[in-house]
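What follows is one structure encoded as structure tokens, with my remarks underneath.
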Amino acid sequence: MKFVENGVCAPQGFQASGVHVGVKTHAAWKKDVALIVSDVECAAAGIFTKNVVKAAPILVDLAHLADGKARAILANSGNANACAPRGEENAARMCAAAAKAIGCDTEDVLVSSTGVIGQTLNISVIEEGVPALHAALEASAAASDAAAHAIMTTDTVKKEAAVETVIGGKTCRLGGIAKGSGMIHPNMGTMLCFLTTDCAIAAPMLKKALLATANRSFNRISVDGDTSTNDSCMILANGLAGNAPITEEGADYQAFLEALQALCVHMARSMASDGEGAKHLITCTVTGAKSEQSAETIAKSVISSTLTKAAIFGADANWGRVLCAMGYSGEVFDPDKVDVSFASAAGEIAVCAAGRGLPFDEDQAKKILTEHDVEIRVTMGEGDGSCTCWGCDITYDYIKINGDYRT
């Protein structure tokens, strides 16, 4: 398996585009609508926010995914179409507009929105802009790039990747674009992720792989502790790679799952790294836990801790905040067995052994924590469970970004 170029257009038979139609009225130079289309009908699957308050596009997608089939994804930024007047009607109109341009059934189009909650979506500009969006479709790196930029809100960089692997003797590719910078917390966050693959795989197995992958990627990141109304991750598989269809678990399914997880972990890390106002990507790796689930719970607690985030922002090796976050995670463990160290490209420094502080060089610790990518390494001494989760520091800019996000 290896990473390749072209994002969602890397797999055979997929085209994409992104244009400005006017949803974002304050930034006419910013793309605000994206379209991804397969040449043929696809097996399809999706997972969505666990927030009880769900945006209208999710309700439409749940209905459209009932048969496990789809052909296209239409998404806009600048307006979440959540808790908004005529929300489901406007989401359905987006699907109908795309279906008309593509020449497929409305039910074969999936839809997503991201942006401000509670405001009426300007559906007219989207409907009027779809023909130009359709005309711009290409199977190219530039097209995937345009689509990736069109779904960005407070993101400062696009999230895009693709991988290539061999399944059943055939070369298969998986590509993806995503957005996510704020309102990110385990059980997804304010994230959209659209995945494509030319691997032949049955819809039930596609859904199984997507769920397993989300639990090891998107559900292991946190920026600010908020979970949005619009979180969506959808995948289309058109089978054009020509492999024997994956209909059950086995070597081919495992190869597909490994490729999908590598792709999604890459994009999940990108989201955490691009957290609103963030200066550091925080990786917390817990080893020696009673189980993987225990390690995950503890790692999530550490990367979600506001005080730990603040310490990393200040390059302060305040390891007590790590133990504190572990202690309120809900997991039962022996604190007297815990070791903690901080690491980065500048080196590694042990700060706690057997639950007690160690003397360490504060200047060296500061140098380590000043790097962009910082790792918190925790050893539990309880078993062989391990897990890695990702977060970011919290900065003054986070308040600035969210203090006037709507106005």
- Query: Which one of the conditions (1) within 19 Å of the chain's Cα centre (by Cα); (2) assigned to a loop (DSSP other than H, G, I, E, B) does residue 8 fail to meet, given that it meets all the rest?
  - Reply: (2)
- State which residue is farthest from residue 159 (Cα to Cα) when the search covers only the range 243-266 and only residues that are in a helix (DSSP H, G or I) and out of contact with any helix residue (DSSP H, G or I) (no Cβ under 9 Å at 6 or more places or on another chain). 251
- Please verify whether the range 64-82 includes one or more residues that are of a type in the set (S, T, N, Q), in contact with a strand residue (DSSP E or B) (Cβ under 6 Å, 6 or more places away or on another chain), assigned by TED's automatic domain parsing to the domain that holds residue 192 and not in a strand (DSSP E or B). yes
- So is residue 279 farther than 26 Å from residue 177 by Cα and either within 18 Å of the chain's Cα centre (by Cα) or of a type in the set (Lys, Arg) (or both) or not? no
- Hey, does the range 280-293 have a residue that's out of contact with any helix residue (DSSP H, G or I) (no Cβ under 7 Å at 6 or more places or on another chain), at pLDDT 95 or above and either aromatic (Phe, Trp, Tyr) or part of a helix (DSSP H, G or I) (or both)? yes
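Tell me which strands (runs of 3 or more DSSP E) are completely within the range 306-407 and hold 1 or more residues being hydroxyl-bearing (Ser, Thr, Tyr), or say none if there are none. Quick ask: steps written out before the conclusion?
Values: elements: 339-344, 347-353, 373-379, 385-392.
Correct list: 339-344, 373-379, 385-392.
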- Query: Mind checking whether some residue in the range 58-78 is under 22 Å from the mean Cα position of the chain (by Cα), closer than 13 Å to residue 230 by Cα and surrounded by fewer than 18 Cβ atoms within 10 Å (Cβ to Cβ)?
  - Reply: yes
- Quick one: what pairs do we get from the range 23-41, first residue assigned by TED's automatic domain parsing to the domain that holds residue 121, second of a type in the set (Phe, Trp, Tyr) and assigned to a strand (DSSP E or B), C-beta under 7 Å, 6+ apart or different chains? 36/14; 36/194; 38/14
- Message: Tell me the residue from 25, 49 that is at pLDDT below 95, under 21 Å from residue 207 (Cα atoms) and of a type outside the set (A, V, I, L, M), please.
- Response: 49
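Evaluate the following for residue 371: is it in the same structural domain as residue 323 (by TED's automatic domain parsing), charged (D, E, K, R), touching a Lys or Arg at 6+ places or on another chain (Cβ under 9 Å) and farther than 30 Å from residue 114 by Cα?
Working: in the same structural domain as residue 323 (by TED's automatic domain parsing): yes; charged (D, E, K, R): yes; touching a Lys or Arg at 6+ places or on another chain (Cβ under 9 Å): no; farther than 30 Å from residue 114 by Cα: yes.
Taking the combined requirement at face value, the residue does not satisfy it.
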- Query: Pairs, please: C-beta under 7 Å, at least 6 apart or cross-chain, first residue more than 19 Å from residue 89 (Cα to Cα) and in the range 55-69, second part of a helix (DSSP H, G or I) and not hydrophobic (A, V, I, L, M, F, W, C)?
  - Reply: 69/108
- Query: So how many residues does the range 29-46 have that are at pLDDT below 95 and surrounded by 21 or more Cβ atoms within 10 Å (Cβ to Cβ)?
  - Reply: 0
- Candidates 299, 237, 259 - the one that is surrounded by 23 or more Cβ atoms within 10 Å (Cβ to Cβ), under 26 Å from residue 402 (Cβ atoms) and hydrophobic (A, V, I, L, M, F, W, C): 299
- Message: Anything in the range 98-119 that is among the hydrophobic types (A, V, I, L, M, F, W, C), closer than 17 Å to residue 135 by Cα and surrounded by fewer than 23 Cβ atoms within 10 Å (Cβ to Cβ)? List them, or say none.
- Response: 99, 101, 102, 104
- Query: Take the residues of the range 352-380 that are touching a residue at least 60 places away in the same chain (Cβ under 8 Å) and more than 23 Å from residue 273 (Cα to Cα): which is surrounded by the fewest Cβ atoms within 10 Å (Cβ to Cβ)?
  - Reply: 379
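The values are calculated or read from the model by the stated rules, or taken from the named source; none is laboratory data. What you see is a predicted model, and the numbers here were worked out from it, not measured in a lab. Counting neighbours? That spans all protein chains shown, and the Cβs are built from the backbone with ideal geometry, glycine included.
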